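These notes are about the structure you will find just below.
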2 protein chains.
Amino acid sequence: MLHSKLIHPESIVVVGGSDNIHSPGGRVLKNLLDHQFEGDLFVVNPKQDMVQGVRSYNDINDLPEVDLAIIAIAAKYVVEAVRVLTQKKNTKGFIIFSAGFSEKDEAGALLEKEIVKLLDKAGGSFLGPNNIGMINKHYAGVFTTPIPKLDEKGVDLISGSGATAVFIIEAAQSFGLTFSSVYTVGNSAQIGVEEILEYLDHSFEKGVSSKVKLLYIESIKDPLKFLRHTTSLIAKGCKIAAIKAGSSEEGNRAASSHTGAIANSDVFVDTLFKKAGIIRCFGRNELITVAGILQQKETAGKNIAIITHAGGPAVMLTDVLSNNGLKIPHIEGKESEALLDQLFDGSSVSNPIDFLATGNAGQLKAILEVCESSPRIDAMAVIFGSPGLTAVDDVYQVLNERIKSSEKPIYAVLPSVVNVKDEIQVFLKKGNIAFQDEVLFGQALAKVYNHASVSIKTENPDPKFSTEIRKLIDALPDGYMPTEAAVTLLETAGVKFAVPLQVKNEAKLNYFANTVIFPVVLKVEGPLHKSDVGGVILNVSNKSELHDGFHKLMQIEGATSVMIQPMIKGKEIFIGAKKETNYPHVILCGLGGIFVEVLKDISASMIPVSEEEALKMITDLKAAPILKGIRGQASINIKLFAETIVKISDLLTLVPEIAELDLNPLMASEKDLTAVDVRIRLERSVKKLQPNETNEFV
Amino acid sequence: MLHSKLIHPESIVVVGGSDNIHSPGGRVLKNLLDHQFEGDLFVVNPKQDMVQGVRSYNDINDLPEVDLAIIAIAAKYVVEAVRVLTQKKNTKGFIIFSAGFSEKDEAGALLEKEIVKLLDKAGGSFLGPNNIGMINKHYAGVFTTPIPKLDEKGVDLISGSGATAVFIIEAAQSFGLTFSSVYTVGNSAQIGVEEILEYLDHSFEKGVSSKVKLLYIESIKDPLKFLRHTTSLIAKGCKIAAIKAGSSEEGNRAASSHTGAIANSDVFVDTLFKKAGIIRCFGRNELITVAGILQQKETAGKNIAIITHAGGPAVMLTDVLSNNGLKIPHIEGKESEALLDQLFDGSSVSNPIDFLATGNAGQLKAILEVCESSPRIDAMAVIFGSPGLTAVDDVYQVLNERIKSSEKPIYAVLPSVVNVKDEIQVFLKKGNIAFQDEVLFGQALAKVYNHASVSIKTENPDPKFSTEIRKLIDALPDGYMPTEAAVTLLETAGVKFAVPLQVKNEAKLNYFANTVIFPVVLKVEGPLHKSDVGGVILNVSNKSELHDGFHKLMQIEGATSVMIQPMIKGKEIFIGAKKETNYPHVILCGLGGIFVEVLKDISASMIPVSEEEALKMITDLKAAPILKGIRGQASINIKLFAETIVKISDLLTLVPEIAELDLNPLMASEKDLTAVDVRIRLERSVKKLQPNETNEFV
């Protein structure tokens, strides 16, 4: 948890403060002064007694007690400064700008650890090192510019990169986006994105705290903590949009070179965000545009009225919205007539509502009134620029008034960034958001409106199986589980399996030959990739074929036995799972064969997976219509598919040491779902989390 | 062809010019004066003798001869003004701002036609009505602001929407994009986008004319003319990027309400652009970003070095580039050592090259020099902003110098739009382009670099078949072709068909029963959708099944006969074609069945399709690996698939009255490709184009 004195210090010392405002120590002092820090302010500077009009101490030991230290001196002096401050000055909050720690080399990493140790001992909190600081309503503790417009209802920004935070703040200015707080975590030595989220979660006050959080992340060290607090914040009514950079292999390399962070594969990040309900973004412009949308009223549906005096942008916006699943419903009947009465000849009210280049403020007001009261419209997007002939103040004033009074969201797209630059500034100063590019706005709007939150799983796996399963697992070493054990595990977890008969010799073969019901399938045991070595024979329909098949398979290199299974009809489907250190398992599903291998048509979710989530995984597959039955073919039992995913999820929750699991294929018919092949790999080093931890966030 | 006096008039009259610069007539006069039109300038204004210092005539009849008229008076007076100017004043160029013509109502459409008639008779050219005018180096004939920075090497912009042109010019300013000319076509009464392209094509001078053309289009009235001139411009070395708005159904509605344009389905636009080699964009920001990239040096490959002092944006750019097929190659060995020598400790040179927040101009120069001479790097993207501490002029100066001297393209991403606003302006004034958002830049870069131009087809279909095919077609009415005729048509075109035997009665059935080679397929003739009525029986393997099947099928409502076909093994593939008025045919291909119906995995090209294009269509399919053979399955003969597509293309070129064609399925094996079902619909009203016209652009 963040120490309250990092958030709200009554006194601050800038260690390394100077008169040079082009240095971090000089600039942060200027920022603190310019943005009227209301507590006591001190400087430590060995050569001056007064810095920028602030009392400066030549020796850190001479300082009075101080709540927060902002440190801008060379890395090698930092440990000693922290020692004095924690041990003698009762300092509990630290922001360390200095670079030259773990991001540089081993020696730096050792210094960093030393600082953490001192802070942990003192019960203090420390942001950095190698960051640009933080900003909130109490103080502007950064050495960069610009300081954004602060507003309790503005967004909270947490950034793993200082420069990115600066560029986000800069780009946000032209949108009118305001900030409630900005945190940069640098090397995250003690406080990372997760800890800031924890603080925002615990300190959240309904009706008071900002509801929109923006994250720029390069690594997530503690996915469960991250999940716990993002989920909790969203449950409290917050919206979170985040960039996780390093999603590509090369990007990961770049992220690693940047902050020495541990790389995470992208599917884990993606399912983690989905689980929490985070809107995933990929660039600064997108993040800001999404934030601008989230900062406005919430909408009840997806029916958008597009209102404009300029056709082209309205057509482009219509394209991007309707191509992404939003509706631009026709306006007809009385509503349409009422409108046409008030507009100039040639106006179009069918939606987009085009009130022509000559359209005026009064007409915009009339149009918005009709849309506000129309049950067919959920939100309005107004595109209004200027060819440079006439003033638009009155139009923007109407827009400002309706945005504030309407119960529905009204989005302002103001494209004339040159012609009516000043009028846009006036509009923004009234607390509004303005978007510049209708298509970038439209893409973000579709992303926000299509962002579905499914209810997350709350039940714990049935405990009556857990002892049995634990006993089974604990008896096995790391590596691939023997088929027999894997089948037992699945059956205990409630998954139906076409139990194979193991045959090692002629005698056993002869015995089974008289009891099995043909046709059957033969599979070699021993080689890992059976299909690749010709180790599977389908549709074996009589005793003689059974004998031939057995002998053929036993000749394959590495063959130890042959499995006989009933031939099961149905569609091949697939359930798989994977675990990476620190992350809960990700479950994957899809149709088997080419759908998975060629078309990469796979859905993924992080455990625990509820039945609702499992159903969404299935319907999200591009091949979903095939499962539902097309061209007269029978459907598979989709509910049973979903239930099986949930059972696997429960199993994984109980057995965190499963590193990989493959049920490929399962045979699915209208009534039944039967696994016919399984591979499970145990690896205790990926376990890390106890089952109760996995579920801690629920 | 555009009249030279519209492009380069020696005298201009503004009909409706006034002192009110908030009116179109007043503002265009001010623009002409401000941007120093060098010829004679007149005004027609019934009430004044002098307007903005320009000689004004009260009566249009009193004017001297004048090359170009810009008309800004009410619609009802326009026809008379045009009559006087064309008939008495030898005026050949017209720009008509006035609205109230075909976009408004029938009466307006009649007025518009009248004007076109007068202009055609006089051999003049007329832009509009209902537009904002045009700008080139000779005059600023628009009533809007801002007038962009003009430059012979800037982009040419043609816009179907005046407001969109204004907003593009405004947004382009912050990128530093300059313009060579801007044309807005309004209602396109006489001159549309196609005619401007024709002019740019014919007047193109290598080494002199601008090489980048941008289009904003809401409708394409004459696709072949469009194709001819875009193809020709691109062959001359130009790059064209275009937005075709109205790509969604709703967008089409919006486009229609806007300019009364005829809607085109999106696949026709898409294949038309692909055929011409146009880079398709979907929004203003994207169009400008693409233009900014096209305005720089061309690159030899896809290996990008990302150079930055700020990690975050470099990671995001790496992600977007490598997720879109570009390479960020490692820099190793000598190159890497040479660099590390010159950079500060902690810098990373593996690519992204991160030379830290403290990185300076000299270091940037060293990095760029290494990249310029490295055979592993084709282009460099430099991301350099400022946290607000230090000046960046020297860095941007180095960037400016290397951009100009390097043989490889260097892209500047300058994200600090607030902190170093002035330095960015200085950088732009030197003729550079600056991108603001690294991810929007990266998306556009990937789009440009991945834009493939395949060689377009040049041969004409073999003429020896044309007489035969023509005779066959001319003998048939509109509607679905009888199967027999369709099969003959395909065979004449060189497509192999599993020729069906038609059986209408028991006698014929008995005769065939003794000659066919089992197994066979039975298909009912009569009903259009055979499968839906149970009209197909597969795998009929003996005489008795043949009899049963025949009788069963003949009982289906509408059955007229039964076709017997050999059972052909192989993968089902599909070739289809469609024609819309004015457009050449579009050919579609894919794997049959679910791949087309459920997964919508289809490739499309506009005819004529070359073998290279056909191969690209096939490899572009998501299911392509299945055709090439996976998991030990045999591949199909892909070359034969491509050749068959070309044969169908040739056939369609010869028979423009084919409105729809379906070869579904064709059975493809390793050696063979055989059509087993065909449906062709003739519709003479879609013909419109003669075969030689279809090929006119080649």
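The values are calculated or read from the model by the stated rules, or taken from the named source; none is laboratory data. Please read these numbers as outputs of a predicted model, since none were measured by experiment. Cβ sites come from the backbone with ideal geometry, for glycine too, and all protein chains shown count toward neighbours. Quick note on the areas: whole protein, heavy atoms, side chains included, nothing else; ligands and nucleic acids left out. Shrake-Rupley method; radii C 1.70, N 1.55, O 1.52, S 1.80 Å.
Descriptive notes on the structure:
- Cross-link table A:Lys239/A:Lys302; B:Lys647/B:Lys671; A:Lys628/A:Lys671; B:Lys334/B:Lys365; A:Lys471/A:Lys508, entries beyond 22 Å C-alpha to C-alpha: A:Lys471/A:Lys508
- GluC sites (Glu not before Pro) restricted to the stretch B:543-610 and DSSP loop, no more than 10 other C-beta within 10 Å: B:Glu557
- Distance between the stretch A:507-559 and the stretch B:303-334 - C-alpha centres, whole angstrom: 52
- For the stretch B:4-131, the fraction of alpha-carbon pairs lying more than 23 Å apart is 25 percent, rounded to a whole number.
- Tilt relative to chain A, helix A:311-322 - C-alpha long axis, 0 to 90 degrees, to 10: 40
- Residue by residue along B:304-314, Cβ atoms of other protein chains within 10 Å of the local Cβ number 6 on average.
- Rounded to 10°, Cα long-axis angle of helix B:106-122 versus longest principal axis of chain B: 80
- Between the stretch B:372-399 and the stretch B:191-207, the alpha-carbon center distance in angstrom: 37
- Helix B:249-259 and the longest principal axis of the C-alpha atoms of chain B enclose an angle of approximately 50°.
- Based on DSSP H segments of at least four residues, each scored -39500 (n - 2.57), the protein assembly as shown has a per-residue ellipticity at 222 nm of -11000 deg cm²/dmol.
- Computed on chain B, with alpha-carbon pairs under 8 angstrom and 6+ residues apart, the relative contact order is 9 percent.
- Cross-link table B:Lys447/B:Lys571; A:Lys244/A:Lys639; A:Lys571/B:Lys622; B:Lys275/B:Lys616, entries beyond 24 Å C-alpha to C-alpha: B:Lys447/B:Lys571; A:Lys244/A:Lys639
- At most 14 other Cβ within 10 Å, DSSP loop - GluC sites (Glu not before Pro), the stretch B:385-483: B:Glu407, B:Glu459
- The Stokes-Einstein estimate for the protein assembly as shown, based on a Kirkwood radius over Cα pairs and taken at 37 °C with 0.692 mPa s viscosity, is a diffusion coefficient of 92 µm²/s.
- Solvent-accessible area assigned to carbon and sulfur over the stretch A:453-604 amounts to 55 percent, based on a 1.4 Å probe.
- Along principal axes, Cα extents of chain B, largest first, whole Å: 98, 79, 40
- Drop in accessible area of at least 10 Å² in the complex versus isolated chain, residues of the stretch B:619-655, 1.4 Å probe: B:Lys622, B:Pro625, B:Ile626, B:Ile630, B:Arg631
- Å² per residue, accessible surface of chain A at 1.4 Å: 39
- Shape class of the stretch B:330-480 from the alpha-carbon gyration tensor: prolate, with a/c at 1.5 or above and a/b greater than b/c.
- For peptide A:347-353, the mean count of partner chain Cβ atoms within 10 Å of a residue's Cβ comes to 4.
- Legend: mean number of C-beta atoms from other chains within 10 angstrom of residue C-beta atoms, peptide A:166-175, equals 6.
- Across all Cα pairs in the stretch B:571-694, the calculated P(r) in 5 Å bins from zero up to the longest distance comes to 2, 12, 22, 24, 19, 11, 6, 3, 1, 0 percent per bin.
- Note on the stretch B:391-536: Kirkwood hydrodynamic radius from all Cα pairs is 23.1 Å, rounded to one decimal.
- Estimated buried accessible area (total), pair A and B, 1.4 Å, Å² to nearest 100: 6100
- Volume in Å³ per residue [convex hull over Cα atoms, computed for the stretch B:469-554]: 119
- Shown here for the stretch A:27-131: trypsin sites (Lys or Arg not before Pro) in loop regions (DSSP other than H, G, I, E, B) with at most 15 other Cβ atoms within 10 Å, namely A:Lys47.
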